[in-house]
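The values are calculated or read from the model by the stated rules, or taken from the named source; none is laboratory data. From a predicted model like this one, the values you see are computed outputs, not experimental measurements. Reconstructed Cβ throughout: ideal geometry from the backbone, glycine too, with neighbour counts over all protein chains shown.
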Amino acid sequence: MYASWQEMEIAITETNITLKSDVLKRDVVCTLLMPDDNDITEPLNLLLLNDGQELEAIHLKDTLAELNNYGRIRPVVVVAVHAGEERLQEYGTAGKPDFKKRGAKAGLYTGFIKQELLPGITKLTGIEKFNSTVYAGFSLGGLSALDIAWNNPGLFNKVGVFSGSFWWRSKDLAKGYTDGDRIMHDIVKNTPVKPDIKIWLQTGTKDETSDRNKNGIIDSIDDTIDLIKELEGKGFTRPEDIQYMEMVGGGHNTETWAKAMPKFLAWAFGR
């Protein structure tokens, strides 16, 4: 008799590590979620996650275990990077702070990911190459994940953005702002060659209440839809390259992102 997926209990181990970052000049706490070695019979995938301090709130460990045990996803190693006290400076778009000069250390954070975290994961796990490498994040952490993956397609295959801060702008609303001042949209528009990555985007209809252009659609949805249009202008297609999930009643919170997480994981690592 063959065992069904429901009978195959795959254990997920959780470990906290601290990396002393020379780039960021601080200790960086990361939480690792890994399938038990005895349960692995195929190549592993890697998920980097910003705002790793939210792991418990988004129930990621339980979600991974359930999806694994039902055969929905391929085995995944998660490295969740906890945000530090300078989150508003380290997240954002590298080399392009917003109008309040937030995100001034985003380039350093990119350097940390490339020069210290990824090599550190290889050293820690002994895995030289993962089957796929995916980056994801929430809100400003989602903007950061997209910016890093967009500019490093040789390192990442896919990126997931939950309630992304695509309002990130170079000009204050009260000082002549136009939609052309949105930084991530401008980065996409001015990238000469389409990066070889796939992108998953999520918003909630209650992400916020702001509506800059008074069109009856909240800014987070408008900004995300406009970003999709810029991506399509670069040659990205739906649904092959872009997946968009709009959650009715979804808010800008971990409860909503936890509900969206299974869909994202099935998209990123599905069988």
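Of the residues in segment 162-176, how many are within 10 Å of the chain's Cα centre (by Cα) and over 13 Å from I225 (Cα atoms)?
1
List every residue pair whose Cβ atoms sit under 6 Å apart, with the two residues 6 or more apart in sequence or on different chains, where the first one lies in segment 83-105 and is under 14 Å from K25 (Cα atoms) and the second, anywhere, is basic (K, R) and surrounded by fewer than 16 Cβ atoms within 10 Å (Cβ to Cβ).
Filtered contacts from segment 83-105: G84/R26.
Exactly one of these conditions fails for A83: (1) outside any strand (DSSP E or B); (2) within 19 Å of Q53 (Cα to Cα); (3) of a type in the set (A, V, I, L, M, F, W, C); (4) in contact with a strand residue (DSSP E or B) (Cβ under 7 Å, 6 or more places away or on another chain). Give me its number.
Every condition holds for A83 apart from (4).
Working carefully through the options R74, R102, find the one that is within 21 Å of A149 (Cβ to Cβ) and touching a Phe, Trp or Tyr at 6+ places or on another chain (Cβ under 6 Å).
R74
With in a loop (DSSP other than H, G, I, E, B) and closer than 22 Å to W150 by Cα as the only criterion, which of S210, S165 stands out?
On inspection, the qualifying residue turns out to be S165.
Looking at segment 15-67, which of the residues that are surrounded by 16 or more Cβ atoms within 10 Å (Cβ to Cβ) and hydroxyl-bearing (S, T, Y) is nearest to F264 (Cα to Cα)?
Ranking the candidates gives T63 first.
For residues that are among the basic types (K, R), part of a helix (DSSP H, G or I) and modelled with pLDDT under 95, tally how many sit in segment 100-153.
The number of residues fulfilling the criteria is 1.
Scan segment 176-197 and give yes if some residue there is touching a strand residue (DSSP E or B) at 6+ places or on another chain (Cβ under 8 Å), in contact (Cβ under 8 Å) with a residue 24 or more places away in the chain and either closer than 26 Å to S132 by Cα or of a type in the set (S, T, N, Q) (or both), otherwise no.
Taking every residue of segment 176-197 in turn, at least one turns out to be touching a strand residue (DSSP E or B) at 6+ places or on another chain (Cβ under 8 Å), in contact (Cβ under 8 Å) with a residue 24 or more places away in the chain and either closer than 26 Å to S132 by Cα or of a type in the set (S, T, N, Q) (or both).
Going through G204, G249, G160 one at a time, which residue ends up being loosely packed, with under 15 Cβ neighbours inside 10 Å, touching a strand residue (DSSP E or B) at 6+ places or on another chain (Cβ under 7 Å) and assigned to a strand (DSSP E or B)?
G249
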